[in-house]
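Throughout, read-outs are computed from the coordinates displayed, never taken from laboratory work. In this text the structure is predicted, and so the values were computed from the model without any measurement. Reconstructed Cβ throughout: ideal geometry from the backbone, glycine too, with neighbour counts over all protein chains shown.
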């Protein structure tokens with residue numbers, strides 16, 4: 001099987017020779033070829049210029065032969081296109097202004113034809129470059145996570161969004177609805193441009209207590225995943241820090257549920273249901289260990305993944321700068337070895 | 001029932017008129033009377049001088065009438081007494097040096113008679129002040145959490161402790177064993193001085209994947225809880241971010257399992273077992289909502305807690321600065337109202 005066929009089959013619950021594998025943040029600072037591009041360009045230039053975004057998206061495919069490439073971009077392009085400019089002066093995002101009131105929500109723009117054209121153009125170019133060899137994953141930040149940034153800016157105290165949640169829930173809901181519309185707009189265009197699947201990153205989803213997740217997240221994610229399906233796309237939902245929310249995030253209706261590394265994959269499968277497709281879930285920091293140990297850990301995760309209807313091998317959180325390529329190679333070797341068993 | 005009797009009965013699974021209530025970080029910056037003391041003294045002075053620690057421990061008891069007081073101190077007193085000096089120049093801890101090698105582990109001191117006398121003296125004074133009216137909770141940081149600080153200093157990247165975990169696990173185990181000995185020493189003396197129970201704070205415990213938790217945490221926590229029982233004390237174990245680890249943290253053998261707010265209390269009880277005592281688990285940020293809503297949320301948690309053999313009402317994470325006292329009052333009112341049902 002070729003990577004693209006394997007990835008699509010796994011997401012559709014059809015038989016595969018082995019789990020497909022790609023890694024969150026597989027393009028990035030741990031790669032010398034990425035740092036060489038980064039030395040010449042700002043982070044924002046890299047995702048805004050399609051030829052640069054394409055190049056760094058392809059770098060880890062050339063080096064490791066992953067089954068899927070993921071568009072190099074940033075989740076904050078959506079709030080930015082809605083009127084919340086952001087800069088990354090030293091890595092972390094800094095916003096020119098943030099959202100606090102109903103009037104702020106109403107002042108946001110809707111996306112329209114031409115919005116985020118740089119990303120759509122990169123998706124189309126990547127589709128041509130990857131052909132049938134390698135799948136292409138598009139993505140967006142999930143509305144709650146985008147709301148955290150839109151409200152808190154670069155802070156991670158969460159006090160302002162929590163204040164809205166508990167004291168002015170309708171303002172938060174209005175913001176989430178606007179973000180949901182924008183995310184759907186963006187994902188539809190990524191699918192039309194050639195993304196085989198889209199991943200929704202709910203990096204701060206674990207910041208909600210279960211009842212808050214039910215009220216603020218579930219209905220909007222259901223709307224998104226229904227729209228992705230209607231557009232002919234496949235969907236993956238990743239809730240970071242969501243070990244207490246697995247049943248609820250699985251109920252949002254994505255094709256695959258991406259599991260973070262705080263729970264064993266086997267236990268996660270029992271909780272979301274063996275009839276579901278799962279993705280995950282190796283601790284990315286485990287790649288710093290000796291390669292033989294990395295292989296053993298990856299093999300154990302492949303084994304647990306067999307209990308589900310389908311499994312896409314991945315890390316349970318993005319790769320971090322400094323990750324040794326020997327660790328990534330050992331991981332890929334272990335997943336490939338599953339083909340022979 | 002008086003608060004002390006109610007708290008002890010709940011921890012022992014005996015009948016109570018209503019759940020006892022205390023709140024993590026119930027003494028602190030959200031109280032004007034605390035800020036008045038803090039304006040005159042550094043944070044370190046406040047926990048090192050027994051008369052100041054006693055005063056701020058008692059402040060929330062006077063104001064809200066909680067069933068238990070918790071010693072005002074800091075989890076970093078243990079590594080400090082072992083030879084890792086710490087300062088708090090702007091809130092966060094800064095260490096003079098940190099632990100990276102086996103030699104660094106061996107250079108640590110054991111606690112001995114006289115170590116942490118300021119805290120033991122405060123416990124004894126508090127016991128006299130509280131009498132039979134109010135229970136007294138002592139505490140220590142759990143060894144893994146203390147290891148995070150000992151290794152990372154004030155950083156929260158976790159990269160160095162993760163590197164040790166995956167590449168040099170024996171150095172990490174040696175450090176954890178030293179910290180476990182020190183924690184047991186400290187808890188025994190708190191119990192002897194009059195603490196009715198001790199809480200182990202594993203603030204960073206959720207930073208371990210399940211297999212790491214089993215290897216690095218479980219055996220050491222079992223040793224601690226056995227020692228607490230042998231000393232005639234009662235124990236509570238709080239793993240922050242531990243929604244994926246509930247069954248494993250419950251298996252460590254504490255009298256009560258403290259649940260964070262990322263999971264519903266009802267679901268947590270099903271996972272740890274209805275025969276267990278639980279503590280928790282209101283989102284402390286929910287106290288910023290309207291008082292009527294705070295009461296309703298607290299009442300729902302009281303209701304869920306009835307499914308367990310015993311329930312100590314608490315927040316699922318420490319109170320934050322700025323928490324309105326109207327919110328705390330509403331919470332206490334709702335828990336007290338359970339007596340009449």
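Annotation: the residues A:156, B:74, sorted from fewest to most other C-beta atoms within 10 Å of their own C-beta, follow the order A:156, B:74.
Stretched out straight at 0.36 nm per residue, the stretch from residue B:44 to residue B:214 would grow longer than its current Cα-Cα span by 57.8 nm.
Measuring from the axis that maps chain B onto chain A, the chain B residue with the nearest beta carbon and its rounded distance in angstrom come out as B:243, 2. What translational D, rounded to a whole number of µm²/s, comes out for region A:220-341 from Stokes-Einstein when the hydrodynamic radius is the Kirkwood one over Cα pairs, at 4 °C and 1.567 mPa s? Here the translational diffusion coefficient equals 87 µm²/s. Site pair residue B:292 and residue A:118 shows an inter-label distance of 4.9 nm when each label is modelled 7 Å from Cα along Cα→Cβ. FRET efficiency for the residue B:94 to residue B:325 pair, using the beta carbon distance and R₀ = 35 Å, is estimated at 0.65.
Taking other C-beta atoms within 10 angstrom as a stand-in for reagent exposure, B:24, A:1 fall in the order A:1, B:24, fewest first. Suppose the Debye formula is applied to equal point scatterers at every Cα of region B:107-221; what is log10 I(q)/I(0) at q = 0.22 Å⁻¹? Values returned for q = 0.22 Å⁻¹ are -1.17. Across the identical copies, the label point of residue A:65 (7 Å from Cα in the Cβ direction) is separated from its matches by 7.3 nm, in order from shortest. Using Cα-Cα distances under 8 Å and only pairs 6 or more residues apart, what relative contact order does chain B have, in percent? Relative contact order, chain B: 20 percent. Dimensions of region A:254-307 from C-alpha coordinates, computed as largest minus smallest value along each principal axis and given longest first, are 34, 17, 16 Å.
Using only DSSP helix segments of four residues or longer, with each worth -39500 (n - 2.57), what per-residue ellipticity at 222 nm results for chain A after dividing by its residue count and rounding to 500?
-14000 deg cm²/dmol
Taking the inverse of the mean reciprocal distance over all distinct Cα pairs, the Kirkwood hydrodynamic radius of region A:1-124 comes to 16.7 Å.
Placing a label point 7 Å from the Cα of residue B:33 along the Cα-to-Cβ direction, the residues of region B:59-76 whose backbone N falls under 13 Å of that point are B:59-66. In whole angstrom, note down how far apart the Cα centers of region A:22-83 and region B:71-108 are. For region A:22-83 versus region B:71-108, the Cα centre distance is 39 Å.
How would you classify region A:144-209 from its alpha-carbon gyration tensor, with a ≥ b ≥ c the square roots of the eigenvalues: rounded for a/c under 1.5, else prolate if a/b is greater than b/c, otherwise oblate? Cα axes put region A:144-209 in the prolate bin. Each residue in A:211, A:202 was given a count of other beta-carbon atoms within 10 angstrom of its own, and listing them fewest first yields A:211, A:202. Distance between the pseudo-spin-label points of residue B:2 and residue B:271 (7 Å out from Cα toward the beta carbon): 3.8 nm.
Its relative contact order, with pairs defined as Cα atoms under 8 Å and 6+ residues apart, puts region B:88-232 at 33 percent.
Taking the square roots of five times each eigenvalue of the Cα gyration tensor of the protein assembly as shown, the equivalent ellipsoid has semi-axes of 44, 28, 24 Å, listed largest first.
Hydrodynamic estimate: the Kirkwood radius of chain A over Cα pairs, inserted into Stokes-Einstein at 20 °C and 1.002 mPa s, corresponds to D of 107 µm²/s. Tell me, what is the percent relative contact order of region A:264-307, built from C-alpha pairs under 8 Å that lie six or more residues apart? Once normalised by length, the contact order is 56 percent.
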